[in-house]
Amino acid sequence: MLRHARQSVGIRPITTGSPLSRPILAARRDHRPLPASPGRRTIPTRHHSSSSSSSVNPSEVSHFTALASTWWDPHGPSRILHLMNPLRHDFITRCLASSSSSSSSSSRTPPPLRYLDVGCGGGIFAESAARLPTTSSVIAIDPTPSILAVARSHARRDPSLSSKLEYLDATIETLPASDEKYQNFDVVSCFEVVEHVDNPAAFLERCGQRVRPGGWLVLSTIARTWTSWLTTNFVAEDLLGIVPKGTHDWDKYINEDELRAFFGKREGWGVPVVVGVVYVPGLGWKEVKGSEKVGNYFFGVQRVG
Amino acid sequence: MESIARRRAVAYVCRSCSRQGLRLQRQARRAYSGTATRDDIYDVVCVGGGPAGLSLLTALRANPTTSHLRVALVEAQDLSKIRSWKLPPNQFSNRCSSLTPSSVLFLDQIGAWSHLEQDRVQPYHEMQVWDGVSGARIEFDWGPNPNPSTGTTIAYMNENLNLTSGLLKRLEELGGVSVFDSARVEHIGFGEQTDELDLREWPTVHLAGGKQLLARLLVGADGANSPVRSFAGIEAKGWDYGRHGVVATLELEGEGWGGDQMKVAYQRFLPTGPVAMLPLPGNHATLVWSTTPENAALLKSLPAEDFISLVNSAFRLSPTDLDFLHTQSSGQAEEYKWRLEHTPFDRQSVPQTVVGVQTGTVASFPLKLRHADTYIGERVALVGDAAHTIHPLAGQGLNQGQGDVQSLVKTIDYAVSHGQDLGTRMSLEPYLSERYTANHVLLGVCDKLHKLYSVGSGPLVPLRSLGLNLVNSLTPLKSFFMNQAAGNGVKI
């Protein structure tokens, strides 16, 4: 894993799990791989060998542990995530509005929604989802205990959250599957998560199982392109420093056409909704048509079966 | 759900009508030995029940996205007196404001405008502004190209009490505001930490008598000496003009040169400051005269006949004659009559002659410019005079406050609909960026105008006259100024 300076280069086994097994070029001083050519591939089932059955990468956990204390500082390293959060709601609103009418009767106000937020981090999205009047409950899970501690302590600052928001130290694999409480969610979200998990295919499969028929799986991530390497790794982390160093591992990025293909091959999923967004310094996040091919994008897909 | 249902049930109750309820609450609180209960927690606590605070709460209650919020109003005065404010049709309060069409549009959108006594509101259609030293003049009217939304109306003269009374009626109709009026804020501090909650960042307003209100967002609509601003540690910088604004309700010889349908606002720049006469219904007008504290003291001391003559002089005689009249402790009426005969002027280009002043309406207040360093803090926002105090020469003070409120409500609406905590600085940032520069420019322009026209002689006088004449002959530039005054111009 070429993420933390304290880890020595080369410990991470170079995997052959993906069909396009790309060599990681000689590690440079910044311990960052140079991008290989960003061709299309299927979603990897494993980014590197690991004995655990979890999708969670331990070094990812330690990276985010280091970020825990500043998670809620609006002018700290997570500012860019805070700024993106309203767009997540706009995107979900758009997905829900495009829902096929199988489940909801048209005229009455829709019933309040149950959310499962996977990889909730400090709770930026989970808190905001719980505050919406259209939400009945949010279950938010993350495998990083120190971040969950931050999330829980921050939620105590808002009296409106305690009745609607519940944090669990869990992964999608360890969340009890038998318990109805953890099943049939209206919205399962994993924002800026798939690029951090080791086995995205299995991860998405398991997230999808928690969506009720008629519900939505929504996620956001970054396309694996030369542009995204330049903007997220080089410019954002190294040059501008607006994203903490070591946050992104470009090699793990997944393209939207790969996600489309992934859900296209599976039974019971509708036509995905995809929106590309671009961060413009000074202006914030903006929706830009076509940018899903080159950078950050939202991806939502309805479970129809 | 239960809390929401209860929230809905809380209707507008003024404090005097709910003493019983309060007594019960007080007893209940004792059981918690001084700590706050869930009932004391509000989404928005607004300190100050003036035009800005009342329209903020009205807008929040009228907006479907924000109407579920728990809101409270803290006000020092007895609001029931303002709510039932009523004057005979031939009497007008001396505190009037010019409401721009965009302020009126906003008040209409929140359902308040129709609650104002409409026959006490006076639209005007023309402005006459001239230089008292050089006589250079500019006339503003919409001419052949009226404003699409408001027709030929430039702005609306209205008593501040008519506005606050109308807003209170609308608030009563909407319900759902916990009103603490005749209330004294003893102290503003922060909440506490318990096992369940951490409210150490939540501002807590302690009222005399022991009531406390915890605020997700504390709004300071509490005027130029805002206690909320002090609590937030936000400084307001600026200066005093060394001038006082003298106000009075005047009676004229008629309804104005254009009759009731074509009312004109007049403003003359004198070296001591601008003097303005703004139309009210019928043969009434309101005076705003910015002048030295000494002159203001003299004006307030004069008998009605002399006061009236000095006001008439202010729009007609030369600055030199005016200076002389101000040195006299009485006898202005005689002096005015004599001097007028020897002063050539166009009768129809100045306001009709003042024939009376309503008893008890001559008053004055010091003029200052203040601008807060910021309008927001963590869980704090400032609106209206708490954020900025402007020179009254352009009649923009109250309108700026309405603009603040409109922007803050939009910001809160966005935060609520996107699940943000509406009190955090991050959520409030759009309000600051939308309003700060716009207000700063307007404060600066009015300040420069004041300074420009405070000069009685020298090279600046012909230059500013040239400027005024030039603006007058350039239609596009004039429409720009008119749109600015109407509050619907280019956002600067």
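The values are calculated or read from the model by the stated rules, or taken from the named source; none is laboratory data. This is a predicted model, so every value here is computed, not measured. For neighbour counting, all protein chains shown are included, and Cβ atoms are generated from backbone atoms with ideal geometry for every residue, glycine included. With ligands, DNA and RNA removed, areas are computed over all heavy atoms of the protein, side chains included. Shrake-Rupley method; radii C 1.70, N 1.55, O 1.52, S 1.80 Å.
Remark: spin-label model distance B:GLN109-A:ARG212 equals 3.6 nm, labels positioned 7 Å along the Cα→Cβ axis. For B:GLY356, the residues whose modelled amide H falls within less than 5 Å of its own, excluding neighbours fewer than 5 places apart on the same chain, are B:GLU251. Burial annotation for segment B:406-429: residues with an accessible-area loss of at least 10 Å² between the isolated chain and the complete set of protein chains, computed on heavy atoms with a 1.4 Å probe, are B:TYR414, B:VAL416, B:SER417, B:HIS418, B:GLY419, B:GLN420, B:ASP421, B:ARG425, B:MET426, B:GLU429. For the chain pair B and A, the interface hides roughly 1700 square angstrom of accessible area in total, found with a 1.4 Å probe. A simple count of charges around B:GLY384, restricted to other residues whose Cβ falls under 14 Å of its Cβ and scoring Lys, Arg +1 and Asp, Glu -1, yields -1. Shown is the FRET efficiency for B:GLU334 and A:GLN183, computed with R0 = 56 Å from the Cβ-Cβ distance and rounded to the nearest 0.05: 0.05.
Modelled spin labels at A:VAL288 and B:ASN225, positioned 7 Å past Cα toward Cβ, are 5.3 nm from each other. Applying the Karplus relation 6.51 cos²θ - 1.76 cosθ + 1.60 with θ = phi - 60° to segment A:256-273 yields 3J(HN,Hα) values of 5, 5, 5, 5, 4, 5, 4, 6, x, 7, 9, 6, x, 10, x, 7, x, 9 Hz, where x marks Gly and Pro.
Amide H to amide H, which residues 5 or more places from A:ASP117 or on other chains are under 5 Å from it, using H placed in the peptide plane? For A:ASP117, whose amide H was placed from the backbone, the distant partners under 5 Å are A:ILE139, A:ALA140, A:ILE141, A:SER189. Modelled label positions at A:ASP73 and B:HIS206, each set 7 Å beyond Cα in the direction of Cβ, lie 3.2 nm from each other. Oblate is the label for segment B:314-358, because a/c, from the alpha-carbon gyration tensor with a ≥ b ≥ c as root eigenvalues, is 1.5 or above and a/b does not exceed b/c. Karplus-based coupling profile of segment B:98-112, in residue order and whole Hz: 8, 8, 6, x, 6, 5, 5, 4, 4, 4, 6, 4, 8, x, 9, with θ = phi - 60° in 6.51 cos²θ - 1.76 cosθ + 1.60 and x standing for Gly or Pro. The aspartates and glutamates within cross-link reach of B:LYS86, meaning a Cα-to-Cα straight distance under 16 Å and a gap of 8 or more places when in the same chain, are B:ASP78, B:GLU117, B:ASP119, B:GLU159.
Counted residue by residue at 0.36 nm each, then reduced by the alpha carbon distance between them, the extension gain from B:SER67 to B:LYS410 reaches 122.2 nm. Cross-link check: pairs B:LYS169/B:LYS211; A:LYS265/A:LYS289; A:LYS164/A:LYS265; B:LYS81/B:LYS300; B:LYS81/B:LYS211 evaluated at a Cα-Cα cut-off of 29 Å; pairs beyond the cut-off: A:LYS164/A:LYS265.
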